[in-house]
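Below is one structure, written out as structure tokens; comments come after it.
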Amino acid sequence: MPDILARQFTDEEAAIAHLEASRWPNEVSCPLCGSLNVHRMAGKTQAGYFLCNDCREKFTCRTGTVLERSHIPVHKWLLAIHLMSASKKGMSAHQLHRMLGITYKSAWFLAHRIREAMTEKNPPRLGGEGKSVQADETYYGNTSKRAKGWRKGHRHKEQVVALVEPKGRVRAVHVKSANKANIREILVRNADRRSELHTDESKLYTEVGREFAAHKTVEHGSQYAPGFYVSEEGATTNAAENFFGIFKRGMFGTYHKCEAQHLARYVAEFEFRYNRRSGLGINDKMRAEALLKGVEGKRLAYRIPRSNQEPEAAS
Ligand SMILES: [Zn+2]
């Protein structure tokens, strides 16, 4: 049976049971005080409710998660979580709106809350002794053919810095504009300095490179002089470029554009999927389960999206 025909995606009772089992694999605990002294409330109107015998508060499987205070049924949330974790290039709010039969506004909020669930709270440092970490940065935004020349310059774009372990994990961070100081901050916070650092020849990495076990650079080349993708010393930033390729195809193909204030959440979305890609032995179901574990302890309030937030795809 294809994954998306599973009962928890069509049947609300099955969906609630699925979310409860994911949150509380052993014993149900009160999300408000942590007590295990809880009981399921009886009666039809109390369906799905638990009562905590210690703090005397009522709660459901949604309490303390990104699903809290949402009127969208749990089975639609689970389907959206499955679709967003299975779609390599992401899924637009317009597509979710059509597939789930909810308003565009609801779909937009739901997608952003799911991105919040994808955000890792305390990601482990990349690399380590005897390992290498590639770092590279890319520009994002204002590449539209209609944008005037002066708006297309790098000054009007946002940047994303990615640290990647070859054949391993990525950590991607949105910055307004990359400079030596914020590059250093990103590198030392997210990568183990006992690693070998691989970058291009950008001066942004020269100083911080000395803090790492070794710093090797690769010449990217220009339109006049073809570069080397792997230096003689074996340095490469191919893995970082591969991540940027997936990110950009998704951002341009699925989301078309997004405002700078939300870019970090989209970056987190692509990072989440990349770190759980099929090449690492993780299938769609496992990825959706990992995402469902991330719904806890994250809640958000968003301003209403502007009507031009995510223009309809031409298709
Ligand atoms: Zn309690």
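A straight chain from Ser70 to Arg56 at 0.36 nm per residue would run longer than the Cα-Cα distance by 2.8 nm.
In terms of packing, defined here as the mean over residues of other Cβ atoms within 10 angstrom, the peptides 25-36, 257-268 line up highest first as 257-268, 25-36. The HN-Hα couplings worked out from phi for the range 259-264 by the Karplus form 6.51 cos²θ - 1.76 cosθ + 1.60 (θ = phi - 60°) are 6, 3, 5, 9, 4, 4 Hz, whole numbers, x standing for Gly and Pro.
Hey, can you rank 92-103, 160-171, 37-48 by average C-beta count inside 10 Å, highest first?
Peptide ranking by packing, descending: 160-171, 92-103, 37-48.
Calculate, for Ala47 and Glu296, the FRET efficiency according to 1/(1 + (r/R0)^6) with r their C-beta to C-beta distance and R0 25 Å; round to the nearest 0.05. According to the calculation, E is roughly 0.70.
Between the amide H of Glu219 and those of Phe228, distances stay under 5 Å, these residues lying 5 or more places away or on another chain, with hydrogens modeled in the peptide plane. On the beta carbon distance between Cys258 and Glu201, with R0 = 30 Å, the FRET formula returns roughly 0.50. Taken along the Cα-to-beta-carbon direction at a fixed 7 Å, the label points for Ile282 and Glu12 span 3.2 nm. For Ser132, the residues whose amide H sits under 5 Å from its own are Glu196, ignoring neighbours fewer than 5 places away on the same chain, with H placed 1.01 Å from N. For the residue pairs Lys167/Lys285; Lys131/Lys257; Lys76/Lys131; Lys88/Lys293; Lys176/Lys216; Lys105/Lys180, the C-alpha atoms sit more than 31 angstrom apart in Lys131/Lys257; Lys76/Lys131; Lys105/Lys180.
What are the residues whose amide H is under 5 Å from the amide H of Val175, where those residues sit 5 or more places off or on another chain and H is modelled from the backbone? Sorted by chain and number, the residues that satisfy this are Gln159, Val160, Val161.
Summing Lys and Arg as +1 and Asp and Glu as -1 over all other residues whose Cβ lies under 12 Å from the Cβ of Ile72 gives a net charge of +3. The label point for Asn182 and the one for Thr103, both projected 7 Å from the Cα toward the Cβ, are 3.5 nm apart. Applying the Karplus relation 6.51 cos²θ - 1.76 cosθ + 1.60 with θ = phi - 60° to the range 44-52 yields 3J(HN,Hα) values of 4, 5, 9, 4, x, 9, 10, 10, 8 Hz, where x marks Gly and Pro. Charge tally for Ala264 (other residues, Cβ to Cβ under 12 Å; Lys, Arg +1; Asp, Glu -1): -2. Listed values for the range 275-281 are Karplus-derived 3J(HN,Hα) couplings in whole Hz (6.51 cos²θ - 1.76 cosθ + 1.60, θ = phi - 60°), namely 6, 10, 6, 4, x, 9, x, and x replaces Gly and Pro. With each label modelled as a point 7 angstrom along the Cα→C-beta vector, the Glu219-Cys33 pair spans 6.9 nm.
Here, each number is a calculation from the coordinates, and none is a lab measurement. Small disclaimer: the values here were computed from a predicted structure and weren't measured. Don't worry about glycine lacking a Cβ; one is built from the backbone with ideal geometry, like all the others, and counts go over all protein chains shown.
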